[in-house]
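So the structure is just underneath, and the comments pick up after that.
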Amino acid sequence: MPKKWQPKKPVNLLKEGPYWRKNWIQGLLRRNKSQYEKSGYQVTNDEAIKNALRETTFPLNTLSQTRLGFGYELEAPCGCRWQVDLNGDWTRTYTCEADCEG
């Protein structure tokens, strides 16, 4: 790293920038939610991706995470709960039954 390297100032992509970009990001969030609902999941929390969009220091990475549908907490039709973190890893946070495949 060069001696003069400084971390970039965080950018709020949900509030700053041109209106078309804010509308595009809101459209991505709506599309992700509807895709999960079409797959049978219910979105219970989307604050992880929204917080990442509010405090990003690397906008291209955060936008790609948004496009891929990362940063959500979901509930499956059987009752199991899943967390999709910002890296795309699915973690089961609640199991409805001991032998459920979720």
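The values are calculated or read from the model by the stated rules, or taken from the named source; none is laboratory data. All values derive from a computational prediction rather than experimental measurement. Positions of Cβ are backbone-derived with ideal geometry, glycine not excepted, and every protein chain shown enters the neighbour counts. Ligands, DNA and RNA are excluded from the accessible area calculation, which covers all protein heavy atoms including side chains. Shrake-Rupley method; radii C 1.70, N 1.55, O 1.52, S 1.80 Å.
Observations on the structure shown:
- Near THR56, the amide H atoms lying under 5 Å from its own belong to VAL11, LEU13; only residues 5 or more places off or on other chains count, and H is placed 1.01 Å from N.
- Think of the chain as having a plus end and a minus end, set by charges on the Cβ of Lys, Arg, Asp and Glu; of TRP82, TYR36, ASN23, ASN23 sits farthest toward the positive end of this dipole.
- In terms of its alpha-carbon gyration tensor, the chain comes out oblate; a/c meets the 1.5 threshold, while b/c is at least as large as a/b.
- With the simple model of a label 7 Å out from the Cα in the direction of the Cβ, LYS38 to TRP20 spans 2.5 nm.
- Think of it as helices only: each DSSP H run of n ≥ 4 in the chain is worth -39500 (n - 2.57), and spread over all residues that comes to -11500 deg cm²/dmol at 222 nm.
- Full-extension gain in nm, ARG54 to ASP99, via 0.36 nm per residue minus C-alpha separation: 12.3 nm
- Normalised by the number of residues in the chain, the average gap of Cα pairs under 8 Å and 6 or more apart makes the relative contact order 23 percent.
- Euclidean distance of C-alpha centroids, region 79-102 and region 45-70, integer Å: 21 Å
- Computed with a 1.4 Å probe over protein heavy atoms only, the accessible surface of the chain comes to 71 Å² per residue.
- Under 17 Å of direct C-alpha separation, and excluding same-chain neighbours fewer than eight residues apart, LYS22 reaches these aspartates and glutamates: ASP46, GLU47, GLU55.
- The charge dipole of region 8-94, taken about the Cα centre with unit charges on the Cβ atoms of Lys, Arg (+1) and Asp, Glu (-1), comes to about 400 debye, rounded to the nearest 20.
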